[in-house]
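Read the structure below first, then the notes.
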Amino acid sequence: MEHVPEQVVLMEGVASSEYFLFGGKMFRRVLDDISLLIRKAEAWGINGTSRLEIRLLLEIMANIRPYDKGKCVLIERGMMRRKRVILKHVFYIGSSTMLYNNMNVLEFLMFATAKFKINKVVLQEQIFELIIEAGLGHLSLTPNYMLTKEEKAVITLIAAAYSESPIIVFNFPEYLWDEVLVNAVAKIAGLIRERGKALILATQNPLLIEKACSHTAIIKDGQVIYSGTVDDFRCTFDKIEVIIRDRAVQAMLEKLTGLLPGCRLVRKNDSLLISHQDSEVIDYGHIYKTIVDAGFAPESIAINPKTVQNAYEELIGQHDLQK
């Protein structure tokens with residue numbers, strides 16, 4: 001691969017040392033033939049069907065887990081395959097236990113950033129402003145021991161944003177993120193990218209990737225099945241064009257099936273999802289006219305904004321069909 005000055009993580013053909021066991025025999029590597037290129041000022045959301053695979057990938061990337069073969073380079077420096085050392089240019093967050101319980105949130109962040117070469121009063125103002133803008137103002141004076149594990153992880157991410165480390169690894173594929181924390185991570189991710197750092201986060205929350213990340217990689221059965229920008233991912237794999245919400249959605253599905261050739265109709269709870277199966281430009285007017293002509297007046301009809309959630313479900317579904 002050609003030299004890319006902006007690259008901070010380069011993985012080529014990386015295979016894990018760990019295997020899944022099946023019937024007492026080694027079945028397959030947990031990760032195999034992983035290749036990724038991550039540049040500075042990018043935020044990557046790593047998602048997939050197995051939390052174990054996602055977490056292991058980020059542990060290898062942070063150099064705290066050895067790998068069996070392939071090449072992994074951080075900031076153009078090769079990593080010893082067997083060496084387990086957290087490198088100073090990587091800020092690794094893999095647990096919620098980094099906060100001191102005898103401090104509150106603002107005290108901890110001032111303590112964590114104490115050695116940085118910036119006026120302490122100015123720094124405290126900056127951090128307090130960030131907490132407010134991230135929607136976490138209500139936590140600023142909360143004792144750390146009262147925070148949820150997810151809140152603790154996000155506070156640690158703020159400390160990482162102000163650190164000197166050019167790579168931040170945020171490894172919590174099992175954590176559950178509410179809307180407040182999704183928006184907070186998105187705000188902090190913006191600061192991380194503004195400062196020229198790379199953020200790599202593990203999550204099974206598609207909305208977190210949609211709001212906080214510029215790029216995404218999807219892992220299935222130990223291999224990368226997608227890697228690229230979040231926008232390309234949404235537009236390529238979210239095939240849903242129109243979302244209809246109505247109590248009579250089942251009757252609508254039965255009557256419209258066959259009236260919209262080239263479209264796929266799927267019911268999901270009280271919604272009817274209309275997808276286009278070829279690459280032609282969708283005729284929304286024709287779809288609407290067909291629905292009205294069939295005698296329906298839906299409670300709600302909207303053009304789908306293309307989401308990471310829908311794209312993820314479509315991609316995984318395609319791979320399941322190929323098996």
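The values are calculated or read from the model by the stated rules, or taken from the named source; none is laboratory data. No experiment lies behind these values; they were computed from the predicted model shown. Here the Cβ is made from the backbone with ideal geometry for all residues, glycine too, and neighbour counts use every protein chain on show. Protein only, heavy atoms only, side chains kept; ligands, DNA and RNA dropped before computing areas. Shrake-Rupley method; radii C 1.70, N 1.55, O 1.52, S 1.80 Å.
Table for the structure above
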{"quantity": "K71-E6 FRET efficiency (beta carbon distance; Förster radius 22 Å; 0.05 resolution)", "calculated": "0.75"}
{"quantity": "Relative contact order of region 203-256, pairs being alpha-carbon contacts under 8 Å that are 6 or more residues apart, as %", "calculated": "22"}
{"quantity": "Given (i) 18.2; (ii) 21.0; (iii) 33.7, the label whose value is mean projected area of the Cα convex hull in nm² derived from this model", "calculated": "(ii)"}
{"quantity": "Simple label model, 7 Å out from Cα along Cβ direction - F116 to Y100, nm", "calculated": "1.8"}
{"quantity": "Within region 241-265: backbone nitrogen closer than 15 Å to the I282 label point (7 Å, Cα to C-beta)", "calculated": "241-245, 260-265"}
{"quantity": "Aspartates and glutamates with Cα under 13 Å of K88, excluding same-chain neighbours fewer than 8 positions away", "calculated": "E164"}
{"quantity": "Rounded accessible area per residue of region 186-323, 1.4 Å, Å²", "calculated": "50"}
{"quantity": "Highest-fluctuation residue, V292, V185, V73 considered, GNM on the chain with Cα pairs under 10 Å", "calculated": "V292"}
{"quantity": "Sequence-distant residues sharing a close amide H with G48 (under 5 Å, placed H)", "calculated": "I219"}
{"quantity": "Entries of K25/K149; K152/K239; K40/K115; K71/K149 with Cα pairs more than 28 Å apart", "calculated": "K25/K149; K152/K239; K71/K149"}
{"quantity": "Between 0 and 90°, nearest 10: helix 308-322 axis offset from the chain longest Cα axis", "calculated": "70"}
{"quantity": "Choice from V281, V224, V154 with maximal GNM fluctuation in the chain (Cα, 10 Å cutoff)", "calculated": "V281"}
{"quantity": "Estimated FRET transfer efficiency (L321, E194; beta-carbon r; R0 51 Å; 0.05)", "calculated": "0.80"}
{"quantity": "Percentage relative contact order, region 152-249, counting C-alpha pairs under 8 Å, at least six apart", "calculated": "23"}
{"quantity": "Accessible carbon and sulfur surface of the chain relative to its total accessible area, %, 1.4 Å", "calculated": "53"}
{"quantity": "20 Å Cα-Cα reach of K268 towards aspartates and glutamates, excluding residues that sit fewer than 8 places from it in its own chain", "calculated": "D238, E241, D246, E254, E299, E313, E314, D320"}
